[in-house]
Amino acid sequence: MLEVFIRFLRASLAATRRSSTTLAEEFALLADFLEVLRVRMRERLAVRLDLPPALEGVALPPMLLQPLVENAIRHGLEPKVEGGLVAISARREGERLVLEVADSGVGLGGTGGTGVGLEN
C-alpha cells in the first residue's frame, strides 16, 4: 500500500506542474488513488476503469477526473453501508470525448458540500 501511495503522491505532484497529461496517465493516477482507498474500504469498493487503447494518448488538463472520483466515493459510496462500484470510462461520440464517472452509491440527495466537484 505504501508503494502505491508513494507512486500516487509522486505522480500527482508531477501532474500539478504540467499544463496537460494524457488519458493513459490520468487513468494510471486514478488506479493508484483507488488502490489506496481500497485499503481503507476493502470489499466495499469495487472499481471499473474503461479506457480504449485508441484514446490513451488524448491530451487533457491534469487531475481533471480525480476530484470527481473522490466525490463519487465520499458522497456516493462511503455513506452506503455495503459500498458499491465506481466506474470511470472514456469514449468518443462523434467528434466529442466523453469522460464519465459513475457510482452505485446513495445518489445526490442530501449530501451537498462546499467544494467544486459537483459544480465541475
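What follows draws every value from the coordinates through simple rules; no lab data is involved. Small disclaimer: the values here were computed from a predicted structure and weren't measured. Glycine gets a Cβ as well: all are built from the backbone with ideal geometry, and neighbour counts include every protein chain shown.
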Within the set of other residues whose C-beta is less than 9 Å from the C-beta of Gly105, count the net charge using Lys and Arg as +1 and Asp and Glu as -1. -1
Give me the base-10 log of I(q)/I(0) for segment 43-99 at each q in 0.23, 0.29, 0.31 Å⁻¹, Debye formula, one uniform scatterer per Cα, rounded to two decimals. -0.96, -1.21, -1.29
Calculate one ³J(HN,Hα) per residue across segment 52-58 by plugging θ = phi - 60° into the Karplus curve 6.51 cos²θ - 1.76 cosθ + 1.60, and present them in order as whole Hz with x for glycine and proline. x, x, 5, 9, 4, x, 5
